[in-house]
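First comes the structure, then the notes that go with it.
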Amino acid sequence: MTLPLISLIPALPLAAVALHLLLGDRLGKRGTALLACGAVGAAFLLALRAVFALAARPEADRTLVEIVTTWMRAGDFSVDISFLLDPLSAVMILVVTGVGFLIHVYSIGYMAHDASFRRFFLYLNLFMFAMLTLVLADNFLLMFVGWEGVGLCSYLLIGFWYERPSAAQAGKKAFVVNRIGDFGFLLGMLTLFAFGGTLNFTRLFAVAPHVFAAGGTVITIATLLLFLGATGKSAQIPLYVWLPDAMEGPTPVSALIHAATMVTAGVYMVARCHVLFRLAPVSLEVVAVVGAATALFAATIGLAQNDIKRVLAYSTVSQLGYMFMACGVGAFSAGIFHLMTHSFFKALLFLGAGSVIHALSNEQDLRRMGALSSRLPWTHGTMLVATLAITGLPPLAGFFSKDEILSSAFASGHFGVWLVGVAGAVITAFYMFRLYILCFRGSSRLTHEAEQHLHESRPSMIAPLVVLAVLSAVGGWVGMPFQAGGHAFERWLRPVFEGGPAFAPARELSHGTEWALVAVSVTAGVIGILTALRLYLQSPQTATSLASRYASLRTLLVNKYWIDELLDAAVVRPFGAFSGWLWRFWDVVIVDGTVNAVGYALEGASAVLRLFQTGFVGTYALFLALGVAAMLLHFLRHG
Amino acid sequence: MSGVIPLSWSLALSATLFVIGVVGVLVRRNALVIFMSIELMLNAANLAFVAFGRSLQSLDGQIFVFFVMTVAAAEVAVGLAIIVNLFRLRETVFVDEVNLLKG
Amino acid sequence: MIFLFAGFAALLVASSLLVVLHRNPVTSALFLVLAFCSLGGIYLLLQAEFVALVQVIVYAGAIMVLFLFVIMYLNLRQDVERGVQTAIRRGLGWLVGAVLLAEAFALIAKRWQVGPVSGGPEMLEGNTQAIGRALYTRYLFPFEITSLLLLVAMIGVIVIAKGRGGTAAADDSAEEKP
C-alpha cells in the first residue's frame with residue numbers, strides 16, 4: 001500500500017490561498033466559493049484516505065512521519081518541516097477538515113451578500129492551512145507556526161468587519177490576550193529544548209523520562225508554561241476573556257474557529273504532550289482544577305447572557321473546561337473524544353444561531369426572538385438535536401463524552417472536580433434550554449421589521465446543519481461505554497496515550513458504580529432541562545420574580561463577574577498609563593528628540609551642500625577633475 | 001633599429017593628450033565638442049595601454065585597446081542619440097543651458 | 001624613429017588642441033580625425049600595427065563620420081562663448097588642466113624613469129595574427145560580451161532616438177500599415 005501524502009492535506013488550502021490571491025476577483029463569487037470549498041473538501045478526502053491507510057496498519061505501527069524538507073539547521077539543532085500522522089492527529093484532521101468543509105459550504109450562503117466575499121474565503125482557507133499544520137506538525141516549532149497562524153487568522157476573521165470599531169477592538173483583544181499565552185508556549189518550548197535537546201515530538205518524548213525527573217521542577221515549569229499557552233488559545237481561566245468578544249466576527253467563523261477547531265488546539269497540544277504532563281503530576285492537577293473551574297465559572301456567566309452568540313461562547317469556554325478537566329485527570333482520550341463530539345454539536349449550534357440571526361435580519365438578542373420553531377423548521381430541528389446533545393442526554397453524542405469525562409474524574413479520585421463537573425452539567429442544561437426556549441418557543445417577541453423578512457435559510461446552509469445534526473446524534477456511538485477493553489474510540493487512541501512510561505492505567509470502576517455515575521449525569525441534565533422549562537416556558541413570571549429576588553447575583557452574572565472591568569482597572573489602565581508616560585516622555589522627548597536633532601543637523605549641512613548641486617554637467621566635471629588632481633597629488637607625496 | 005621610443009615619452013604624450021581632453025570638457029559648452037574631448041581622453045588611455053604593452057612585451061595592452069574601442073563605439077552611438085534627443089526637446093546642445101540633474 | 005615619433009606627437013598635440021579650441025564643431029571634428037590619424041602613426045611606431053589600422057578605420061572612419069553626421073543633422077552654427085561665467089569657467093578649466101599636467105609629468109618623472117626598452121623578441125607570427133589568436137582563445141568570453149554590448153547599444157540608440165510614442169516616426173509606421 002502506498003503511503004498517503006500527508007503533506008498534501010495542509011498544502012491544498014494553502015494552494016487555494018495562493019490562487020485566491022493570484023486570480024483575485026476574476027474568479028467571481030461562484031468560482032471563489034468553488035475553489036475554497038473544493039480545496040477543503042479535497043483535503044477532507046485526502047485525510048480520509050490517510051486515516052484509512054493508517055487504520056490498515058498493525059496497531060503498534062500506527063505512526064507515519066513524512067519529512068518534506070529540512071527547515072533549518074544550526075550546529076546540532078535541526079528542525080524539519082515534517083508531518084506526523086498517528087491516531088491522535090488522525091482524529092484532529094478528520095474533525096478539522098470535515099467540520100471545516102461543512103462550515104465552508106454553509107458560509108457560501110451566509111456570506112453571499114457580503115462585499116468582501118473573497119477575502120472571507122481567503123482567510124478561511126488560510127486558517128485551514130494553519131490549523132492542519134498545527135495538528136499535523138511533528139515538532140514543536142512547526143506546531144508553533146500553525147499555532148501563530150491560527151491566531152493570526154482568528155484575529156483577521158474576528159475583525160473581519162473592521163469598519164465596526166467593536167469588531168476591530170475585539171480582534172485586537174483576542175490578539176493581545178493570545179500573545180500572553182503564546183509567550184508561555186514559546187518559553188515552555190525553549191525550556192524543553194534547553195533540557196531535552198530536541199523539538200521533535202517523537203524524540204523528545206522518548207528521551208523525556210531520562211532527562212526530566214518525574215515531578216521535578218523543570219518539567220513542572222515547562223508543562224505549566226505550555227498549559228499557559230493552552231489557556232490562551234483555548235480560552236481558559238485566566239485568559240478566557242477574548243473568546244466572548246470574538247463573537248464580533250461572522251457566525252461561520254465563530255463556528256469554525258471559536259467553537260469547533262482553533263480553540264481546541266490547546267486541548268490537542270496538552271494531549272499531544274501527555275508524556276510530559278504525566279511526568280509532572282502537579283501540572284496535571286493544575287490542568288484539572290483550571291478546567292473544572294472554567295467549566296463551572298463560564299457556565300454561570302452563560303446563565304445571564306442575552307446575546308445568542310455570547311451564550312454559546314461562554315458555553316464553549318465551559319465545554320473546553322471539561323476537556324481540560326479530562327486531560328487533567330489523565331483521561332486524555334476522553335478529552336479528545338469530547339473535543340470531537342463538541343466540535344459537532346457546537347459547530348451545529350453556532351451555525352444554527354447563524355441561521356436564526358440571518359433569518360431575523362441580524363438580530364442577536366434573545367429577548368427579541370421567540371416562537372421560531374414553526375417558522376424555521378429545519379433550523380429548529382437541528383438546533384434541538386444539538387441542544388440535547390450538549391446537555392448530555394443519551395443517546396446523543398454529548399452524553400457519551402461528557403459521561404466519560406465525569407466517570408474518569410470520579411475514577412481517578414478527583415471527587416471535587418467530579419462534583420464541579422456535575423454542577424456544570426446542570427447549569428449547562430439549564431442555560432442551553434433557556435436559549436432554546438427563548439429562541440424557538442414561547443411567545444414571539446420579534447420586531448415588526450424582523451417579522452417581515454423572516455425566512456428559512458437556503459438549502460446550502462441547511463444541508464451542513466443536517467449533516468452536523470446527524471453527527472451530533474450518532475457521533476458518540478464510537479464511544480459506547482460498558483465494553484470490555486474500552487470502547488472503539490479509546491482503542492483507536494490507545495497506541496498514542498498508553499506508550500508513556502509514566503502511564504498508570506485508570507482504576508477500573510465496577511459496573512454498578514459506572515451505572516450510578518451515568519444516572520447522576522443524566523439526572524443532572526434532566527434537572528437542568530426541567531428547571532429551564534418550568535422557569536421560561538410554563539411560568540415566565542417565576543423567572544422574573546427570581547431575577548428580582550436575587551438581583552445582585554443576577555447583576556453579577558450579567559456583568560460577567562466584572563472580570564473585564566477588573567482586568568481593565570488592574571492591568572489595562574496601569575499599563576496604558578505607563579505606556580502614555582513612555583510615549584510622552586521617552587518617545588517624544590528622547591527618541592523623537594534625538595531623531596529630530598539628527599534630522600535638523602543633516603538639514604543644516606545639506607543646505608550648505610545643496611549649493612554645490614547646480615545641475616550643470618560642467619560644474620560636476622570640474623569637481624571630478626579637481627578630485628583627480630587631489631588624488632594625483634596624494635600619489636606624488638606618498639606613492 | 002636606430003632608436004627605441006622611451007616609455008616615458010609615450011606616457012608624457014598620453015598625459016598631455018588626456019589633459020587636453022580634460023580641458024576641453026571643462027571649458028567648452030557644446031555637448032558635441034565635450035564628447036569629442038572625451039574621445040581624446042579615451043585615446044590617451046589607449047596610448048598608455050599600447051606603450052605599456054610595448055614596454056612589457058605583452059599583447060594584452062593591445063587587446064585592451066581593442067575592447068576600449070568597442071566600448072567607445074557603443075558610447076558614441078548612445079551619447080549622440082541622447083544629444084539628438086536633447087536637441088529635439090530643448091533646441092540646444094549647450095550643457096550650461098540644461099540643468100535637469102538639479103534635484 | 002625618434003624624429004618620427006616627435007613629428008607625430010607634435011601633430012597629435014596640435015590637432016587635439018585645435019579640437020578643443022576651435023569654435024566651429026565641424027572644424028573640431030575634422031581636427032579630431034587628424035588627431036586620430038597621427039595617433040595611429042604613433043601606434044605603428046610602437047609596433048601595434050593592428051591597433052593602428054583599427055584606429056584609422058574605426059575611429060577616424062566610422063565614429064567620426066557619425067559625429068559629423070550628427071553635427072550636420074543638427075545644423076549647428078559657431079559656438080558663441082561670452083559672458084563672465086564662461087570666462088570664469090574657462091579660467092578654472094585651464095588652471096585645473098595645467099595642475100593636472102604638471103602633476104602627471106612629475107609622476108612620470110618620479111616613477112617611470114625607465115630607459116629605452118630593448119627591442120622586443122622577434123615575433124614568430126604577425127601582430128594581427130597574434131591578436132586574433134589571443135582574442136579567440138584567452139579573451140573569448142570578453143570578446144563575446146562586447147558583441148552583446150554592441151547589440152544593447154544598438155537597441156538603446158534606436159529606442160532613444162525614436163523618442164516617445166506619438167512622434168512622427170510612430171505616425172509614419174501607422175500610416176504604412178494599410
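What you get for chain A, charging only the Cβ of Lys and Arg (+1) and of Asp and Glu (-1), is a dipole of about 740 debye around the Cα centre. Excluding ligands, DNA and RNA and using a 1.4 Å probe, chains C and B jointly bury around 7000 Å² of accessible surface, summed across both partners. For A:Ala137, the residues whose amide H sits under 5 Å from its own are A:Leu84, ignoring neighbours fewer than 5 places away on the same chain, with H placed 1.01 Å from N. As an equivalent ellipsoid, the stretch B:29-90 spans semi-axes of 31, 12, 4 angstrom, where each value is the square root of five times an eigenvalue of the C-alpha gyration tensor, largest first.
For the stretch A:624-631, putting each phi into the Karplus relation 6.51 cos²θ - 1.76 cosθ + 1.60 with θ = phi - 60° gives couplings of 4, 5, 4, x, 4, 4, 5, 5 Hz, in residue order, rounded to whole numbers and with x for Gly and Pro.
Across A:Asp245, A:Asp587, the residue with the most accessible area heads the list, and the full order at a 1.4 Å probe is A:Asp587, A:Asp245.
Figure legend: label point modelled 7 angstrom from the Cα of A:Ala423 along Cα→Cβ; residues of the stretch A:259-293 with amide N under 13 Å from it are A:292-293.
Across all Cα atoms of the stretch A:268-396, the radius of gyration (one decimal) and Dmax (whole number) stand at 16.9, 55 Å. If you sort B:Leu86, C:Leu95, C:Leu150 by accessible surface, 1.4 Å probe, largest first, the order is C:Leu95, C:Leu150, B:Leu86.
Under conditions of 25 °C and 0.890 mPa s, the stretch C:1-76 yields 192 µm² s⁻¹ as its translational diffusion coefficient, taking Rh as the Kirkwood radius over Cα pairs in the Stokes-Einstein equation. Which residues does a label at A:Phe195 reach in the stretch A:271-286, if reach means a backbone N under 14 Å from a point 7 Å past the Cα toward the Cβ? A:275-284, by backbone N distance to the label point.
If you wrap the tightest convex hull around every Cα atom of chain A and split its volume per residue, you get 237 Å³. Here each label is just a point 7 Å from Cα along the line to Cβ, and for B:Asn99 and C:Arg133 those points are 5.8 nm apart. Remark: for residue pairs A:Lys29/A:Lys233; A:Lys402/A:Lys560; A:Lys172/A:Lys402; A:Lys172/A:Lys233; A:Lys29/A:Lys173; A:Lys346/A:Lys402, the C-alpha separation exceeds 23 Å in A:Lys29/A:Lys233; A:Lys402/A:Lys560; A:Lys172/A:Lys402; A:Lys29/A:Lys173. For the stretch A:224-338, the alpha carbon positions stretch 42, 24, 24 Å along the principal axes, listed from largest to smallest. Computed per residue of chain A from DSSP H runs no shorter than four, each worth -39500 (n - 2.57), the mean residue ellipticity at 222 nm is -23000 deg cm²/dmol. The helix-only estimate of mean residue ellipticity at 222 nm for chain B, built from DSSP H runs of length n ≥ 4 each weighted as -39500 (n - 2.57), is -27000 deg cm²/dmol after division by the residue total.
The slack between A:Tyr561 and A:Phe578, meaning 0.36 nm per residue of separation minus the straight C-alpha distance, is 3.5 nm. Our note on the geometry: Cα centres of the stretch A:223-242 and the stretch B:1-39, 80 Å apart. For A:Val289, the solvent-accessible surface computed with a 1.4 Å probe is close to 80 Å², ligands and nucleic acids excluded. I want to make sure I understand the PRE zone here: with the label point 7 angstrom from the Cα of B:Leu89 toward its beta carbon, which residues in the stretch C:129-164 have backbone N atoms less than 18 Å away? Those under the cut-off are C:156-164. Here the scattering of the stretch A:411-451 is modelled by Debye summation over its C-alpha atoms, one equal scatterer each and no solvent; at q = 0.18, 0.22, 0.30 Å⁻¹ the log10 of I(q)/I(0) is -0.63, -0.75, -0.94.
What's the total accessible area buried between chains A and C, using a 1.4 Å probe, rounded to the nearest 100 Å²? Summed over both sides, the interface buries about 900 Å².
Modelled spin labels at A:Asp25 and A:Glu59, positioned 7 Å past Cα toward Cβ, are 5.8 nm from each other.
Per residue of A:603-614, other chain Cβ atoms within 10 Å of the residue Cβ number 1 on average.
When A:Glu514, A:Glu449, B:Glu39 are compared by accessible area of protein heavy atoms, the largest-first order is A:Glu449, A:Glu514, B:Glu39, using a 1.4 Å probe. Per-residue Karplus couplings for the stretch A:256-266, computed as 6.51 cos²θ - 1.76 cosθ + 1.60 with θ equal to phi - 60°, are listed in order as 6, 8, 9, 9, 8, 10, 4, 5, 7, 4, x Hz, Gly and Pro entered as x.
Ligands, DNA and RNA left out, the accessible area of the protein assembly as shown computed with a 1.4 Å probe is 69% carbon and sulfur. Counting only heavy atoms of the protein chains and using a 1.4 Å probe, A:Glu285 has close to 80 Å² of accessible surface.
Annotation: per residue accessible area for the protein assembly as shown equals 44 Å², rounded to a whole number [probe 1.4 Å, protein chains only].
Applying 1/(1 + (r/R0)^6) with r as the Cβ-Cβ distance of B:Gln57 and A:Leu636 and R0 = 30 angstrom yields a FRET efficiency of 0.60.
Here the calculated FRET efficiency for A:Leu546 and A:Thr513, from their Cβ-Cβ distance with R0 = 35 Å, stands at 0.50, rounded to the nearest 0.05.
Across the stretch A:162-172, computed HN-Hα scalar couplings (Karplus, 6.51 cos²θ - 1.76 cosθ + 1.60, θ = phi - 60°) run 5, 6, 8, x, 5, 5, 4, 4, 5, x, 5 Hz from first to last residue, x flagging Gly and Pro. Here r is the Cβ-Cβ distance between A:Phe585 and A:Ala213 and R0 is 30 Å; the resulting FRET efficiency, rounded to 0.05, is 0.05.
The values are calculated or read from the model by the stated rules, or taken from the named source; none is laboratory data. Computed from a prediction, not measured in an experiment: that's the story for all the values here. Every residue, glycine as well, gets a Cβ built from its backbone with ideal geometry; the counts of neighbours run over all protein chains shown. The area values use the complete protein model at the heavy-atom level, side chains included, leaving out ligands, DNA and RNA. Shrake-Rupley method; radii C 1.70, N 1.55, O 1.52, S 1.80 Å.
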